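No lab work stands behind these numbers, since they all come straight from the coordinates. Every value quoted in this text rests on a predicted model; they were computed, and no experiment measured them. So basically every Cβ, Gly included, is an ideal-geometry build from the backbone, and we count neighbours across all protein chains shown.
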Amino acid sequence: MRTSKPISVTLGKQQASVDRRLASGHYDSASEVVRAGIRAPDREEAMLDGMIREKVLAALSSPGPDLPAEEVFARLRAHHDEQVKSGPAMRLCR
């Protein structure tokens, strides 16, 4: 029994990308290309979740002193104010 249902998708400009991938021989069908395209952000999200989890665990086990929330928020506000003052062109360069 089929566990998925067929759908119809209009790709527009992305059709050329699907055609190139099929012509390369790396994929046997447009469905394979679309499935790979859907798996890509799933892998990216899993990788980012793992990185964030590692950073949180590292921060929790850090021997450094705890900072009061007021100080953290003051630093964040100052950073935000600096970003706003530098304008959009400067933010894009970072």
- request: Could you state the angle between the C-alpha long axis of helix 14-24 and the longest principal axis of the C-alpha atoms of the chain, as a value from 0 to 90 degrees rounded to the nearest 10?
  value: 70 degrees
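With charges set only on the Cβ (+1 for Lys and Arg, -1 for Asp and Glu), what does the dipole of the chain come to about its Cα centre, in debye to the nearest 20?
460 debye
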- request: Would you mind classifying region 14-63 by shape? Square roots of the alpha carbon gyration tensor eigenvalues, ordered a ≥ b ≥ c; an a/c under 1.5 is rounded, otherwise it is prolate if a/b is larger than b/c and oblate if not.
  value: prolate
Computed over the chain, the ratio Rg/Rh where both radii use C-alpha atoms and Rh is Kirkwood: 1.22
- prompt: From the square roots a ≥ b ≥ c of the eigenvalues of the alpha-carbon gyration tensor of region 43-83, which class results: rounded (a/c under 1.5), prolate (a/b over b/c), or oblate?
  reply: oblate
message: What distance in nm separates the two pseudo spin-label positions at Glu32 and His80, each 7 Å out from Cα along the beta-carbon direction?
response: 4.9 nm
